[in-house]
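Take a look at the structure set out below.
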Amino acid sequence: MLNQKTSKGAGAMTELIKNYIEKIQIGKGQSYKNLTLYQRLIKYEQIHGNCNVPSGWLNDPQLASWVVKQRQSKKKGLLKKERMKKLDEIGMRW
């Protein structure tokens, strides 16, 4: 059973994560999963010099799938402007 002190700490941590996501301007309402994948894409770009993750990339299939979904969402006009801007800033090729 959680005590009151633990509950307050968990709430503070959730608020801290929420503020962090907004601070780095990924966009309000973005999930932790999207933030993590965005960070992995940044790391990929730093290593490979581009954001062109191959669609069937075996080293990180989850990242590869996420990049494909971002491209599909943009093509359909469903990608949020904030996310598109952040992806453009790191060199995403559409």
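Taken over region 40-56, residues that are at pLDDT 95 or above and either over 16 Å from the mean Cα position of the chain (by Cα) or not in a helix (DSSP H, G or I) (or both) amount to 8. Going through (1) surrounded by 13 or more Cβ atoms within 10 Å (Cβ to Cβ); (2) hydrophobic (A, V, I, L, M, F, W, C); (3) assigned to a loop (DSSP other than H, G, I, E, B) one by one, M84 falls short only on (3).
Taking region 59-71 as the range and being in a helix (DSSP H, G or I), out of contact with any Pro (no Cβ under 7 Å at 6 or more places or on another chain) and either without any contact (Cβ under 8 Å) to a residue 12 or more places away in the chain or at positive phi (or both) as the test, the residues that pass are P61, S65, K69. Do we find that K74 is modelled with pLDDT of 95 or more, charged (D, E, K, R) and assigned to a helix (DSSP H, G or I) in this structure? So K74 passes the test. Entry remark, region 72-94: residues being among the aliphatic types (A, V, I, L, M) and touching a residue at least 12 places away in the same chain (Cβ under 8 Å) number 3 in total.
Taking into account only those residues within region 19-39 that are in a loop (DSSP other than H, G, I, E, B) and on the phi < 0 side of the Ramachandran plot, which is modelled with the lowest pLDDT? Across region 19-39, the extreme among qualifying residues is I26.
The values are calculated or read from the model by the stated rules, or taken from the named source; none is laboratory data. None of these values were measured; they are calculated from a predicted model. Note that we place each Cβ from the backbone using ideal geometry, even for glycine, and neighbour counts take in every protein chain shown.
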